[in-house]
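Participant: Take a look at this one; I'll ask things after.
Rule-based calculations on the coordinates, nothing more; no lab input. A quick note: this is a predicted structure, and the numbers were derived from the prediction, not measured. Reconstructed Cβ throughout: ideal geometry from the backbone, glycine too, with neighbour counts over all protein chains shown.
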Amino acid sequence: MPEGTGYSYNSSGTNSQGNHYCSRDYGSGSSNSNSYHYSNSNGSYYYSNPNGSSYYNSGHGSSTYTPPSGNSGKK
């Protein structure tokens with residue numbers, strides 16, 4: 001793990017369409033140890049967080065946050 005970060009990188013990259021992804025390992029102490037995020041060339045992005053929550057943004061004004069409990073809130 002890089003010092004002070006609390007995670008190590010699993011993988012990251014950008015595909016031929018310009019979509020980026022990054023996967024991180026937060027270890028066994030987190031609710032979601034293999035967290036990741038991706039961002040797309042159309043402006044949308046998604047985060048799967050180490051606490052079990054997730055966040056999606058369409059890039060066009062709408063977003064959805066899902067807390068660790070699983071009840072989503074759309075904006």
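Participant: Starting from the Cα-Cα distance between residue 42 and residue 21, subtract it from 0.36 nm times their residue separation and give me the gain in nm to one decimal. Intermediate results must be reported in sequence, preceding the final value.
Facilitator: Numbers: separation 21, 0.36 × 21 = 7.56 nm, distance 1.40 nm.
Fully extending the segment from residue 42 to residue 21 adds 6.2 nm.
Participant: Further, regarding this structure: Could you grab the relative contact order for the chain? Cα pairs under 8 Å, six or more apart, rounded to a whole percent. Could you put the intermediate results ahead of the total?
Facilitator: Working: 151 pairs, mean separation 12.7, N = 75.
Contact order relative to length: 17 percent.
Participant: Further, regarding this structure: Could you calculate, for the chain, the ratio of the Cα radius of gyration to the Kirkwood radius, expressed as Rg to Rh? Don't jump to the answer; show the numbers that get you there.
Facilitator: Details: Rg = 13.4 Å, Rh = 13.2 Å.
Using Cα coordinates only, the ratio equals 1.02.
Participant: How far is it, in nm, from the label point at residue 12 to the one at residue 32 when both lie 7 Å from their Cα along the line to the Cβ?
Facilitator: With each label point 7 Å from Cα toward Cβ, the separation is 1.8 nm.
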